[in-house]
1. Tell me yes or no: at least one residue of the stretch B:167-186 is of a type outside the set (S, T, N, Q), without any contact (Cβ under 8 Å) to a residue 40 or more places away in the chain and farther than 30 Å from B:PHE282 by Cα.
2. How many residues are at the interface with chain B (Cβ under 10 Å from one of its Cβ atoms) and buried (at least 16 other Cβ atoms within 10 Å of the Cβ) when one looks only at the stretch A:150-182?
3. So for the stretch A:211-219 (the condition being more than 26 Å from A:TRP317 (Cα to Cα) and within 14 Å of chain B (Cβ to nearest Cβ)), does at least one residue qualify?
4. Just one of the numbered conditions (1) touching a strand residue (DSSP E or B) at 6+ places or on another chain (Cβ under 6 Å); (2) modelled with pLDDT under 95 is not true of B:PHE96; which one?
5. If B:ALA236 satisfies all but one of (1) in contact with a Pro (Cβ under 6 Å, 6 or more places away or on another chain); (2) closer than 30 Å to B:LEU109 by Cβ; (3) of a type outside the set (S, T, N, Q); (4) crowded, with 19+ Cβ neighbours inside 10 Å, what's the number of the condition it fails?
6. Looking only at the stretch B:172-188, decide whether some residue is at the interface with chain A (Cβ under 10 Å from one of its Cβ atoms) and in contact with a His (Cβ under 6 Å, 6 or more places away or on another chain).
7. All but one of (1) within 15 Å of A:PRO85 (Cβ to Cβ); (2) more than 7 Å from every other protein chain (Cβ to nearest Cβ) hold for A:ASN279; state the number of the condition that does not hold.
8. Quick test of your reading of the structure: B:ALA155 fulfils all but one of (1) more than 9 Å from chain A (Cβ to nearest Cβ); (2) out of contact with any Asp or Glu (no Cβ under 8 Å at 6 or more places or on another chain); (3) more than 19 Å from A:ILE262 (Cα to Cα). Name the failing condition by number.
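The values are calculated or read from the model by the stated rules, or taken from the named source; none is laboratory data. Here the structure is a predicted model, which is why all the values come from computation and not from measurement. When we count neighbours, we look across all protein chains shown, and the Cβ atoms used for this are built from the backbone with ideal geometry, even at glycine.
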Amino acid sequence: MSTALTAGAAASPMRPATARRRLSRLADQVHQRALGATALLVFLAVGLIVFEVVRGSAPALGTLGWRFLIGTEWDPVADHYGALPYLFGTLVSSALAMVMAVPLGVGTAVYLAELAPPRVGAVVAFVVELLASIPSIVYGIWGLFVLAPFLRSLVEPWLIAHLGFLPLFQGFPFGIGMLNAGIVLAVMVVPTIVSLAREILLAMPGSLREAALALGATRAEGLGVLLDAARPGILGAAILALGRALGETMAVTMVIGNTNRISASLLAPGSTMASVIANEFTEATGQLYLSALTEIALVLFALTVVINALARLLVLWTTGGRRDVAGSA
Amino acid sequence: MHRILRFAALALITVAAAIPAGAQSLTGAGATFPYPIYSKWFDAYHKQTGVSINYQSIGSGAGIQQVKAGTVDFGASDAALSNDRLKELPRRILHFPTVGGAVAMVYNLQGLDKPLQLTPEIITGIYMGQITVWNDKKVAAANPGVTLPPAPVMAVHRSDGSGTTNIFTSYLAAVSGEWKEIIGANTSVSWPSGIGGKGNEGVAGLVRQTPGAIGYVELAYAKQNQLTVAPVRNQAGRFVLPSLASTTAAVEGSAAALARDVRTPIVNAPGPDAYPISGLTFLLVYRDSKDPAKAKTLADFIAWAMRDGQAMVEALDYAKLPDAVIKVNQANLKLLTASGKPVFAGR
């Protein structure tokens with residue numbers, strides 16, 4: 001930051017400037033530094049969070065070591081802590097949400113941006129964005145009191161009867177569990193995907209469409225060209241949505257069933273890293289217990305960083321390093 | 001004019017006379033379960049004495065952390081601190097039980113001829129995952145003349161750490177050696193079976209929606225929401241429904257043990273009317289304080305809560321303490337000191 005500033009100053013040699021010009025340069029510098037400082041604050045906040053979380057989890061890191069990540073037993077009474085079921089739950093519930101939300105979200109975005117009459121598109125987009133402002137506890141209540149009875153009495157018995165030969169759909173129709181959590185998460189992240197993907201598609205240059213049509217492409221083929229060009233941006237939208245799904249706490253806690261068991265079945269209850277923290281932190285006593293919960297936060301943080309890094313790589317890889325594409329957010 | 005002045009002077013004198021003895025404000029933090037009665041007490045106490053007490057109901061565990069850090073004048077916890085936990089604190093702490101609470105067993109079975117009756121063996125069996133259908137012979141033996149459906153049992157527990165879970169698991173540990181050995185008692189435990197709902201509302205919601213479900217919630221919550229509550233067989237062999245009276249009876253039955261150590265769990269208490277899944281909630285106070293004014297104010301408040309405060313308890317669905325336990329608290333108040341000097345002289 002500061003090197004860029006001095007380099008800029010050195011590049012334009014000092015001229016016998018008028019007072020006014022000098023003042024304006026000073027104002028520029030102050031402006032730039034102030035904005036730089038606000039950007040620095042973000043780094044500072046993240047740095048402090050990492051510091052505090054690492055400090056808080058130090059006793060658990062020391063006592064439990066790697067066993068923490070591969071252990072499956074979480075027993076506060078005996079002070080044994082293994083976070084694997086929570087890691088598993090976070091990954092599976094988020095993956096399930098993405099499997100449902102990405103096709104739905106991208107499909108909606110394509111319709112809104114390309115096919116719907118502009119006025120309809122704007123109205124529907126507004127409604128979709130309204131979904132994003134609903135508090136997560138409301139989604140949780142909906143999942144618990146509306147979705148769960150529906151899943152228990154209709155969907156899950158059907159799945160067990162017809163697809164029960166797959167380990168994915170075996171067990172007891174609880175209504176709450178991994179499937180419910182995945183659906184609730186999908187509904188929660190669809191607005192993120194729709195609104196971002198729609199903006200990206202709208203920002204694609206019109207020449208792309210025209211060129212495709214000029215070459216004799218059908219409307220569907222033209223859409224394919226457009227989607228291909230918008231892919232990095234849409235991927236970015238999906239990653240933002242995934243970030244939300246990974247960290248979502250309240251709604252998931254209410255509908256996932258909260259057991260620390262790993263099960264192949266989507267109908268079985270589970271737990272996520274965020275939900276166990278929400279469940280147990282306030283009433284946790286004992287140093288190792290609190291520290292183990294803090295370490296879960298650390299693992300969640302690390303997981304988010306890893307997934308974001310992988311996503312960046314994916315974007316880079318799919319674009320072959322192109323940076324000229326619109327919306328490479 | 002004169003009269004007003006005289007009144008003001010009089011008021012000033014009374015206030016001035018009241019001040020030097022103690023501090024005018026206290027802060028506390030901890031348990032959420034007793035929050036309604038505590039805020040009622042603090043409000044009433046403020047009106048009577050002018051002392052304002054600021055209480056944050058952030059959960060027992062978080063409250064204990066605040067006590068440990070010394071950021072509050074007192075803590076509150078639904079679970080008494082074990083010896084190991086006490087060792088993590090910088091100084092000695094005293095427990096003052098304030099009110100009692102019961103944990104009600106709620107269930108969802110339609111079309112029973114008579115209300116379901118539960119025994120310690122049934123409850124343990126269900127939560128251990130050993131009783132999986134309602135027409136199990138253990139359930140049938142405790143419910144003669146009741147046609148039990150062959151429906152699967154779904155055991156619901158609290159997913160969040162809670163004093164309710166602590167009382168419930170303390171009870172299971174008290175009635176079952178197997179439970180004590182394998183699972184133990186705590187605000188959160190490693191459940192061998194069943195599913196977890198968040199909060200009383202989460203458990204109640206799952207039980208209400210799922211035929212064949214059974215769960216445990218705070219008595220006040222079960223009463224206010226008119227859930228179907230099962231009587232539980234107590235130590236004396238009688239089936240008792242949870243109520244304020246049967247909870248107080250449980251505290252009464254445990255009075256001798258509480259006089260030795262107020263931290264003793266009162267689950268599975270003796271006495272014909274005692275409801276077995278009962279518990280106490282505590283204020284946590286450092287035995288020796290650095291601030292004599294605050295220590296005195298706090299001691300005065302606790303003495304008031306034992307005297308006048310107990311009359312307000314039942315209206316808010318808490319069980320009041322029997323006289324025997326109030327006497328234990330009053331004796332412990334005399335142990336409170338500030339820099340080595342006793343702070344409480346009253347009764």
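1. No, the conditions are met nowhere in the stretch B:167-186.
2. Residues flagged as at the interface with chain B (Cβ under 10 Å from one of its Cβ atoms) and buried (at least 16 other Cβ atoms within 10 Å of the Cβ) within the stretch A:150-182 amount to 7.
3. no
4. (2)
5. It is condition (4) that B:ALA236 fails.
6. The answer is no; no qualifying residue exists.
7. (2)
8. The one condition B:ALA155 does not meet is (3).
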